[in-house]
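To keep things clear, I will list the structure first and then write my remarks on it.
The values are calculated or read from the model by the stated rules, or taken from the named source; none is laboratory data. In this text, all values refer to a predicted model and were calculated from it rather than measured experimentally. Every residue, glycine among them, receives a Cβ derived from its backbone with ideal geometry; neighbour counts consider all protein chains shown.
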Amino acid sequence: MDEQPIQSNVPFQHHVFVCCGPRCNAEGAGKVLRDLVREEMFKRGLENQVRDTACVCFSYCSHGPNIMVYPDGILYTKVQPHDVTEIFQEHIVGGRPVERLMYRQRK
């Protein structure tokens with residue numbers, strides 16, 4: 001039997017998860033990022049193509065604040081407020097992950 005690729009059945013293209021756990025949200029950083037994600041989403045008219053969710057923890061606390069983008073499975077670390085516009089422009093709209101913000105696994 002030939003395996004068929006899994007086809008998404010969700011009515012949107014990207015899901016942006018923003019860590020709002022205790023360490024990523026120190027001094028409200030996670031909430032600020034989530035608010036900026038929502039602002040970018042609506043400013044660009046992408047509210048029907050992008051979903052956002054505040055999450056408690058990705059277990060990469062020492063690298064936070066963190067944002068994860070699906071279905072691409074890209075984890076962005078040490079995200080600052082000014083980075084959100086770049087994530088949307090380059091990744092969400094342009095299809096190119098922002099390399100400088102991507103999590104790098106230690107070897």
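On inspection, residue 27 fails the criterion of being surrounded by fewer than 20 Cβ atoms within 10 Å (Cβ to Cβ) and either at pLDDT 90 or above or touching a Ser or Thr at 6+ places or on another chain (Cβ under 6 Å) (or both). Scanning region 56-107 for residues that are under 26 Å from residue 11 (Cβ atoms), in contact (Cβ under 8 Å) with a residue 24 or more places away in the chain, over 12 Å from the mean Cα position of the chain (by Cα) and surrounded by 14 or more Cβ atoms within 10 Å (Cβ to Cβ) turns up just one, 93. Residues in region 30-53 that are more than 16 Å from residue 78 (Cα to Cα) and of a type in the set (A, V, I, L, M, F, W, C) were compared, and the one that is surrounded by the fewest Cβ atoms within 10 Å (Cβ to Cβ) is 42.
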